[in-house]
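Undergrad: One structure, pasted below without further comment.
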Amino acid sequence: MRNLEIEDGPTPEQIKHVLQQSILRHYPNPERKGCLDSPTITAIAHKRLPHEDSSWKHISHCSPCYQEFLDCRKQFREKKARADLLRRRMRFALLVTIVVIGLSAMVILKSH
Ligand SMILES: [Zn+2]
């Protein structure tokens, strides 16, 4: 029996998970030295700060800030996914409305 995981290597998602767990374990910073404030972490999680910003270095070398960043990014992505779903549903509802109005107009015009 083949072991696909070993033969194919880890997926990008598995590598990302291992890296995240490593950052969360290896930079405890219990005194929270040099930690970022919540608005800065939120700005990073919402991709409002470029990767060149010095805050990224702290986030990737501080377990508590990294955990806050991951939580904030997860909430941001979930909120964005809900907004995208709502936007798609609204477009579909608009399309259905236009089709119904168009078909109704055709029926009314043909009946006269
Ligand atoms: Zn920190």
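Undergrad: Among what's in the stretch 27-44 and is of a type in the set (Gly, Ala, Ser) and within 14 Å of the ligand (Cβ to nearest atom), pick the residue that is farthest from the chain's Cα centre (by Cα).
TA: Gly34
Undergrad: Considering each residue of the stretch 10-21, count those that are free of Cβ contacts under 8 Å to residues at least 24 places away in the same chain and within 16 Å of the ligand (Cβ to nearest atom), and give that number.
TA: Here the count works out to 0.
Undergrad: What pairs come out if I take residues in the stretch 59-73 that are closer than 12 Å to Ala45 by Cα and pair them with residues that are surrounded by fewer than 19 Cβ atoms within 10 Å (Cβ to Cβ) and of a type in the set (Ser, Thr, Tyr) whose C-beta lies under 6 Å away, six or more apart or interchain?
TA: Cys72/Thr42
Undergrad: Condition first: within 16 Å of the ligand (Cβ to nearest atom), small (Gly, Ala, Ser) and in a helix (DSSP H, G or I). Now tell me which residues in the stretch 54-88 satisfy that.
TA: Ser55, Ser63
Every read-out reported here was derived from the displayed coordinates using simple, explicitly stated rules and does not represent laboratory data. Since the model is a prediction, treat every value here as computed from it, not as a measurement. Here Cβ is always computed from backbone atoms with ideal geometry, including for glycine, and neighbour counts include all displayed protein chains.
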